Amino acid sequence: MKKFGILGKNISYTFSPVLHKNIFKVYNIDAEYNIYDVKENEISGILNKIKTNEINGINVTVPYKTTIIKYLDELSPEAKIMNAVNCIKLEDGKLKGYNTDYFGLIETFKKMGLLLKNKKVVILGSGGAAKAVNRAVLNLGGIPTIVSRDLVEARLGFKDISVISYSDLLETSGFLLVNATPIGTFPNIESSPVERRVIQNFDFVLDLIYNPKETLFLKIAKQCLKKFENGFYMLVSQGVKSEEIWNDLTLDYSLIYENLITEIYNNQEDFQS
């Protein structure tokens, strides 16, 4: 039996085991997926288990997506550009880090039917999630703008990209508005990163949050008659991409998504994310 898992801190809430166990079931993969909730000084011990094939692959989540890089031998092009890793595999005796959040976003844009070439995409936030959105938008020919409360830090992290403040946002319109902040996630469901007068200036709205299923941000988008999507498809897609990397398989993203939507996501109350 193969062993996979997710590495992070204070992550008992994570949906990842449910996602990956569903993939194992659909594709008849003999494997298990565990949570490795560890302190930073325990990371090397987990990675040694990958080197000895006790663990066949691992996902990485908060707060270690950047910290983990110093333990690795190689990075994929996406991980190197974004300076963030969320998937690790042993290749030719070396620990290689990938960023599958990028691929999850590409698949989400496809699902939404968005053609981003020469379209303005405004991204709320300047952290790791925003970096993934920015890279996906650029690679699809879009024109990203970062919105941050710390303009100095954001401009250091997003060189050659337009960076504006939230007050500037009031005078901004565009094709797609993306929430790449944690504002609105469970349990703070009464919060939205921006107000109605901002949301109404965009054609499409994407919230990377998947719990609650419909954030206040998306409820406002619905009221404004905007086309919108939450972060569940991205969550599923980045997980599927990890399985493709670990098992050298080509999987059906839509099949797994529909299976999860039908069996799990639509049949339960909002879960802690």
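A few notes on this one:
- Each Lys or Arg adds one and each Asp or Glu subtracts one; over the other residues with Cβ under 14 Å from the Cβ of Leu225, this totals +4.
- Relative contact order computed over the stretch 103-230 (Cα-Cα under 8 Å; 6+ residues apart), in percent: 21 percent
- Comparing Ala129, Ala31, Ala221 in a Gaussian network model of the chain, where Cα atoms under 10 Å apart are tied by springs, the biggest mean-square fluctuation is seen for Ala31.
- Once the convex hull of all Cα atoms in the chain is built, its volume per residue stands at 128 Å³.
- Prolate/oblate/rounded label for the stretch 103-230 (Cα gyration tensor, a/c 1.5): rounded
- Note on the chain: dipole from Cβ charges, positive end direction compared against Val18, Ile55, Leu75; the farthest Cα belongs to Leu75.
- GNM flexibility winner over the chain from Gly104, Gly157, Gly128 (Cα, springs under 10 Å): Gly157
- Computed from point charges on the beta carbon alone (+1 for Lys and Arg, -1 for Asp and Glu), the dipole magnitude for the stretch 1-149 about its Cα centre is near 540 Debye.
- For the stretch 152-201 and the stretch 84-131, distance of Cα centres in Å: 18 Å
- Size of charge dipole - the chain - debye, nearest 20, with Cβ of Lys, Arg +1 and Asp, Glu -1, no other charges: 500 debye
- Taking Met82, Met112, Met234, Met1 and counting other C-beta atoms within 10 Å, the order from fewest to most: Met1, Met112, Met82, Met234
- The chain: DSSP helices with Cα axial extent of at least 27 Å and average Kyte-Doolittle hydropathy no lower than 1.6: none
- Sparse-neighbour loop sites [GluC sites (Glu not before Pro); the stretch 54-106; at most 14 other C-beta within 10 Å; DSSP]: Glu54
- Net charge dipole size for the stretch 103-230 [Lys, Arg +1 and Asp, Glu -1 on Cβ; Debye, nearest 20]: 360 debye
Just so you know, all these numbers are worked out from the coordinates, no wet-lab data involved. This one's a predicted model, so the numbers in the text were calculated from it and none came from an experiment. Please note: Cβ atoms are built from the backbone with ideal geometry, for glycine as well, and neighbour counts cover all protein chains shown.
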